[in-house]
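The values are calculated or read from the model by the stated rules, or taken from the named source; none is laboratory data. Quantities reported herein were computed from a predicted structural model and do not represent experimental measurements. Heads up, the Cβs are rebuilt from the backbone with ideal geometry, glycines too, and the neighbour counts pull from every protein chain shown.
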Amino acid sequence: MKISKLVIILLLTISCNNTVSLKLENSNYLNFQDSIKIKLDSLTFNNSDNIQLQDSVLMIKNEVINSLTFLDFRGNVLAYHDFSEMKEKLHKFNIDGAWFTSLDSIYVFTSKYKMIYLFNNKEVCIDSLSTTNDSIKIKLLPHIYISTIQQPYVYEKSIYTSGFSFGEGKEIADSNRFVVRELKKDTSDYLVNYPPDYADIDWGGIYYRMVYSCIANDSLMYISFPASDFIAILNLNTKKVKYQNLYPQINKLLKPFHGDLIISAKDNFKRAKHYYGQYSFKGIIYDKYRKVFHRFLLEPANQKDIKNGKLGMQRKIILTYNNKLQYLGFTELNESVSSSTFFVTKKGLLIKNESYQNDEDNLYFYLYSHRNDN
């Protein structure tokens, strides 16, 4: 009788928390190595969601003043671009997202004109590309999202961007819902559907529909889905897609969303509670130096925090895989470590420390080394 009561209590506890804790294998796979502080000038925004690292150069989008800063790890500003001449020509010109392949090749997406512009280091526009040339008619087009963990990729005269479209409902066929857009000079193509464990399920239309991507081996694009145990692997040469199931499996632990099909402000908080109260996968990144992948797993927020409106307070876990996507181990992070701003360097994995949100003069990072580096 005592055992039965204990079982009932445990079941009620699990039900109230709306989740079951995962039992992950091989902890502390990454080792904390160092704390890094990067000095910022007065024009550079410390809380940007659009930061890129390439060849020891950081590009930071400054949302407030609509500009880009390029700097090194010592805080030396290598270039600053506010595109003043372009703003005079096009009064609605804005930087919705940006990335660069070199200091002389800077791409800027502006949604007001639905264009991607290519600038050189003198802010001269040397090329442009429309984002509205659709070669096929489908119901749900993936919107262009450019952020630190949603970096576009230039390959063979095409630009590949990952994103999602709003909307849920079983009447929308999975074959009509794409998450990758291939932009060319004269046309746009759409690639990659959601994986099979998304089929015929209402995920709430926002948070669990977001996708994250990275590039490995030059021509393979890896896409992470928040509610899926699968990732998609897109071959940019053949345009073929395969789905691979990764450890751990969280999909069976997740509950679908129950609410209005039409996204409204009234239901948005309910959607947020549904997402933050459960597990989810987030960004994926390839470490070319060690030939491993890292993928973020977010734990459910504390129920007390959710009730108090602190939806973003989640513990983060880094999952590490080899280049064949076989699981190697995990590393727990605290709530102050970002799951949206992280980079691979020769020294290890660099992750933004968000404990200093009010310090506008510096960027803070934690450096984690791979176990085999020690």
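Details
- None of L30, L68, L6, L10 is over 30 Å from T320 (Cβ atoms), of a type outside the set (D, E, K, R) and at pLDDT 95 or above except L68.
- Residue pairs meeting the criteria (Cβ under 7 Å; at least 6 apart or on separate chains; first under 13 Å from P300 (Cβ atoms), in the range 265-277; second modelled with pLDDT under 85 and outside any loop (DSSP other than H, G, I, E, B)): K273/I306; Y276/I306; G277/I306
- Restricting the range 342-364 to residues that are of a type in the set (S, T, Y) and either in contact with a Leu (Cβ under 9 Å, 6 or more places away or on another chain) or loosely packed, with under 15 Cβ neighbours inside 10 Å (or both) leaves a set whose member that is nearest to Y243 (Cα to Cα) is T345.
- Of all residues in the range 44-76 being of a type in the set (A, V, I, L, M, F, W, C) and loosely packed, with under 14 Cβ neighbours inside 10 Å, the one that is nearest to K122 (Cα to Cα): I65
- Pair list, Cβ < 8 Å and 6+ apart or interchain, from the range 231-249 residues that are under 11 Å from M221 (Cα atoms) to residues that are in a loop (DSSP other than H, G, I, E, B) and among the small types (G, A, S): N235/S219; L236/S219; N237/S219
- Taken over the range 339-356, the residue count meeting the criterion of being of a type outside the set (S, T, Y) and either in a strand (DSSP E or B) or closer than 15 Å to T44 by Cβ (or both) is 8.
- On inspection, I306 does not qualify as under 17 Å from the mean Cα position of the chain (by Cα) and either crowded, with 16+ Cβ neighbours inside 10 Å or at pLDDT 95 or above (or both).
- Checking A272 against (1) surrounded by fewer than 19 Cβ atoms within 10 Å (Cβ to Cβ); (2) among the aliphatic types (A, V, I, L, M); (3) at pLDDT 95 or above, the condition it does not meet: (3)
- Test: residue in the range 201-212 that is touching a strand residue (DSSP E or B) at 6+ places or on another chain (Cβ under 6 Å), in contact (Cβ under 8 Å) with a residue 12 or more places away in the chain and crowded, with 17+ Cβ neighbours inside 10 Å: yes
- Subset of the range 108-147 [assigned to a loop (DSSP other than H, G, I, E, B), modelled with pLDDT of 95 or more and in contact with a Gly (Cβ under 9 Å, 6 or more places away or on another chain)]: I146
- Residue count for the range 80-93, restricted to those that are within 16 Å of I51 (Cβ to Cβ) and either among the basic types (K, R) or surrounded by 17 or more Cβ atoms within 10 Å (Cβ to Cβ) (or both): 1
Let's see how each residue does on (1) in a strand (DSSP E or B); (2) out of contact with any Gly (no Cβ under 8 Å at 6 or more places or on another chain); (3) at pLDDT below 90; (4) buried (at least 19 other Cβ atoms within 10 Å of the Cβ):
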residue: L191; (1), (2), (3), (4): yes, yes, no, yes
residue: I215; (1), (2), (3), (4): yes, yes, no, yes
residue: D218; (1), (2), (3), (4): no, yes, yes, no
residue: M221; (1), (2), (3), (4): yes, yes, no, yes
residue: I233; (1), (2), (3), (4): yes, yes, no, no
residue: Y247; (1), (2), (3), (4): no, yes, no, no
residue: H258; (1), (2), (3), (4): no, yes, yes, no
